[in-house]
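Let me begin by presenting the structure, written as structure tokens, before commenting on it.
The values are calculated or read from the model by the stated rules, or taken from the named source; none is laboratory data. Being a predicted model, the structure only gives us computed values, none of them experimental. Because the Cβ atoms are built from the backbone with ideal geometry, glycine has one as well, and the counts that use them run over all protein chains shown. The area values use the complete protein model at the heavy-atom level, side chains included, leaving out ligands, DNA and RNA. Shrake-Rupley method; radii C 1.70, N 1.55, O 1.52, S 1.80 Å.
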Amino acid sequence: ARGVTAECAAALAQAFKPRLVLVGRSPLPGAEPEIYASAQTEAELRQAVAKSEPGLAPRGIAQKAQSVLAGREIRAALARLAAAGVEARYRAVDARDAGAVKELVAETIRDFGPVRGLVHGAGVLADKAIVDKTPAMLDAVLDTKLAGLRHFLDAVNPADLRLLALFSSSTARYGRAGQADNAIANEVLNKAAQ
């Protein structure tokens, strides 16, 4: 429901009017507290969070600001789809959780019928030099993209699919400082697509 996959959902909505299930790790956002309404940039939002929660540490302020921004993106994507006349829902599911993905796909099939398209844009970044990366960082980057795809492909009936779109990155081909794990994940994704 955010970033490039939200743009893809909007394009699909305009072209085909499908029923869509948008999936992300962020919880479904409720109404945004009024105190943040005037804050438009992340910097302004951090100031508003710090003012509203004076005891919060800088890391907590940043996380809260990013959460508010993520909520805005999700709500905006859903509103955009509704304005296009598309039935869309958002589900907070971690693609790394095979059981949760299986439940989500079963719910989708029950409510909407066979899954005809899968757009996989999940990913996380943990930019650091290779020597500074921890196994947990590597797992988060690789598993989100690769295990997530495997879980969705295992949960859907491949014969029902008419569309499969996987979002990779130029990092897979050209590399990028601090993103060796992302390069690996994207190149494996490229091979899976082939």
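Details
- For region 97-136, a residue qualifies if it is under 11 Å from residue 155 (Cα atoms) and in contact with a Ser or Thr (Cβ under 9 Å, 6 or more places away or on another chain), and exactly one does: 115.
- Pick from region 5-39, criterion polar (S, T, N, Q) and over 17 Å from the mean Cα position of the chain (by Cα), ranking: most open to solvent (accessible area, probe 1.4 Å): 14
- Residues of region 151-186 satisfying the condition of being part of a strand (DSSP E or B) and surrounded by 15 or more Cβ atoms within 10 Å (Cβ to Cβ): 164, 166
- Residue check, residue 67 touching a helix residue (DSSP H, G or I) at 6+ places or on another chain (Cβ under 9 Å), open to solvent by 60 Å² or more (accessible area, probe 1.4 Å) and hydroxyl-bearing (Ser, Thr, Tyr): no
- Criterion applied to 117, 121 was being under 18 Å from residue 8 (Cβ atoms), under 18 Å from the mean Cα position of the chain (by Cα) and at pLDDT 95 or above, and the one residue passing it is 117.
- Counting the residues of region 106-148 that are within 22 Å of residue 2 (Cα to Cα), outside any helix (DSSP H, G or I) and open to solvent by less than 60 Å² (accessible area, probe 1.4 Å) gives 10.
- Verdict on residue 89 being crowded, with 16+ Cβ neighbours inside 10 Å, part of a helix (DSSP H, G or I), touching a residue at least 40 places away in the same chain (Cβ under 8 Å) and within 19 Å of the chain's Cα centre (by Cα): no
- The requirement of being surrounded by fewer than 17 Cβ atoms within 10 Å (Cβ to Cβ), charged (D, E, K, R) and modelled with pLDDT of 95 or more is satisfied by residue 103.
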